[in-house]
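Take a look at the structure set out below.
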Amino acid sequence: MGPIELLHMSVFSQSFSPCGKYLAAGNNYGEIALFSLSAALGPDANELSQKPILTFAAHEGPVFALLSTDSHLLSAGNGEISAWSWAELIKKNVKAAWTRRPNYKSSLEIPEINAMAINPADNSLAVGGGDNNVHIMDLENGVFKSVLRGHTDYIHCLSVRERAAELLSGGEDGAVRIWDTRTSQCVHCVEVYKYETCARPQYGKWISCLTTDSDWMLCGGGPSLSLWHLRSMSPTSIFPLSGCQRQATFYQDVILTVGEGQCVSHCLMGGEVKAQIPCTPHSINSLAINTNSTEHRVVTVGGSSDHIDVFTNLSYRAFSLRF
């Protein structure tokens, strides 16, 4: 890849291997790169240790979503999901174990897939994107078994709320829909932009990030990032962050969030912004936390750059991996 392509690279997605020793990252060119965290974090680490051990073309369009199961890396491209065996990737064997397409209305339709989420309760994969629907696939047999219809525009994000058997989806239409995974029915629809405390008309109404933890939901995008109590269905904290947030997550006793802006923001549940840690990309699409290995416990951040920043603790960037 030449210097121009590297200059215009964006990292959209990341996922750690089940063993926690490897990081996969997907970019706007349809490529997936595999990095060895053992090498990059080792005592003999050098510039070469921060480069991929493997880079391969996975999809024709950008890789907007990556996920890991116990054995496979799942990647989403334009209109398709592919599975790659982690054991084979680590041996540098690049061959998709399978590729599936959701049941779109027409074979000419190739909507981008923006989000995936695994529901461990029934071993299913939820897929959302450009056709405004959430498609549910049985991971056991690879069959798409249901479609959740209700959004009127692109779906950007998905989150599984295991304890309540619910799936949450957020979209361009400004709605967060809460689905009962047993009946495939929408049980609640929260139009975040209609709440005065959250609304930011200058940024639009779209929901670009969404995550849940027990009875709590974090969501944001056009509207301000806000924390909601799911039993009362009301916002309890609004975070005073500029720009649109693209990913937010609960981590220990803080909320980590990234988006427009060259930093990772640390927020407290009460709504205060505790710290903003500088990053390499000017705009950030993806934040990943490696909980699969205590030895390689890192936070990684990717965005409008060929660099992926690595944080060994939350106070500063330790180094960057590079495509």
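Points to keep in mind about this one:
- Test: residue in the range 25-32 that is touching a residue at least 24 places away in the same chain (Cβ under 8 Å), outside any loop (DSSP other than H, G, I, E, B) and of a type in the set (F, W, Y): no
- Note on the range 162-180: residues that are open to solvent by 10 Å² or more (accessible area, probe 1.4 Å) and either modelled with pLDDT of 95 or more or in contact with a helix residue (DSSP H, G or I) (Cβ under 6 Å, 6 or more places away or on another chain) (or both) amount to 5.
- Among the residues of the range 199-223, the one identified as crowded, with 23+ Cβ neighbours inside 10 Å and outside any strand (DSSP E or B) is P223.
- Of all residue pairs spaced 6 or more apart or on separate chains, those with beta-carbon atoms under 7 Å, a first member in the range 1-13 that is in a helix (DSSP H, G or I) and a second member that is modelled with pLDDT of 90 or more are E5/Y29; L6/D306; L6/F323.
- Each residue in the range 253-272 was checked for being polar (S, T, N, Q) and over 17 Å from R317 (Cβ atoms), and 0 pass.
- Residue under evaluation G261, criteria (1) of a type in the set (G, A, S); (2) on the phi < 0 side of the Ramachandran plot; (3) in contact with a strand residue (DSSP E or B) (Cβ under 8 Å, 6 or more places away or on another chain); (4) open to solvent by 10 Å² or more (accessible area, probe 1.4 Å), criterion not met: (2)
- Boolean, L241 is closer than 27 Å to C189 by Cβ, surrounded by 15 or more Cβ atoms within 10 Å (Cβ to Cβ), among the aliphatic types (A, V, I, L, M) and at pLDDT 95 or above: yes
- Every residue from the range 133-154 that is of a type outside the set (V, I, T) and open to solvent by 40 Å² or more (accessible area, probe 1.4 Å): E140, N141, K145, R149, D153, Y154
- Out of R246, R297, sole residue that is assigned to a strand (DSSP E or B) and open to solvent by 50 Å² or more (accessible area, probe 1.4 Å): R246
- In the range 277-293, the residues that are surrounded by 15 or more Cβ atoms within 10 Å (Cβ to Cβ), in a strand (DSSP E or B) and of a type outside the set (V, I, T): S283, N285, S286, L287, A288
- Counting the residues of the range 207-218 that are in contact with a Gly (Cβ under 6 Å, 6 or more places away or on another chain) and not β-branched (V, I, T) gives 3.
- Selection count where residues are open to solvent by 20 Å² or more (accessible area, probe 1.4 Å) and outside any loop (DSSP other than H, G, I, E, B), scope the range 117-132: 1
- Residue within the range 87-109 that is surrounded by fewer than 19 Cβ atoms within 10 Å (Cβ to Cβ), under 16 Å from the mean Cα position of the chain (by Cα) and not small (G, A, S) present: no
Rundown of residues vs (1) open to solvent by less than 60 Å² (accessible area, probe 1.4 Å); (2) without any contact (Cβ under 8 Å) to a residue 24 or more places away in the chain; (3) closer than 18 Å to R322 by Cβ, yes/no style:
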{"site": "S49", "(1), (2), (3)": "yes, yes, yes"}
{"site": "P52", "(1), (2), (3)": "yes, no, yes"}
{"site": "A57", "(1), (2), (3)": "no, no, no"}
{"site": "E60", "(1), (2), (3)": "no, no, no"}
{"site": "V63", "(1), (2), (3)": "yes, no, yes"}
{"site": "A76", "(1), (2), (3)": "yes, no, no"}
{"site": "E80", "(1), (2), (3)": "yes, no, no"}
{"site": "S85", "(1), (2), (3)": "yes, yes, no"}
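The values are calculated or read from the model by the stated rules, or taken from the named source; none is laboratory data. From a predicted model like this one, the values you see are computed outputs, not experimental measurements. Because the Cβ atoms are built from the backbone with ideal geometry, glycine has one as well, and the counts that use them run over all protein chains shown. Note: areas computed on protein heavy atoms with side chains; ligands, DNA, RNA excluded. Shrake-Rupley method; radii C 1.70, N 1.55, O 1.52, S 1.80 Å.
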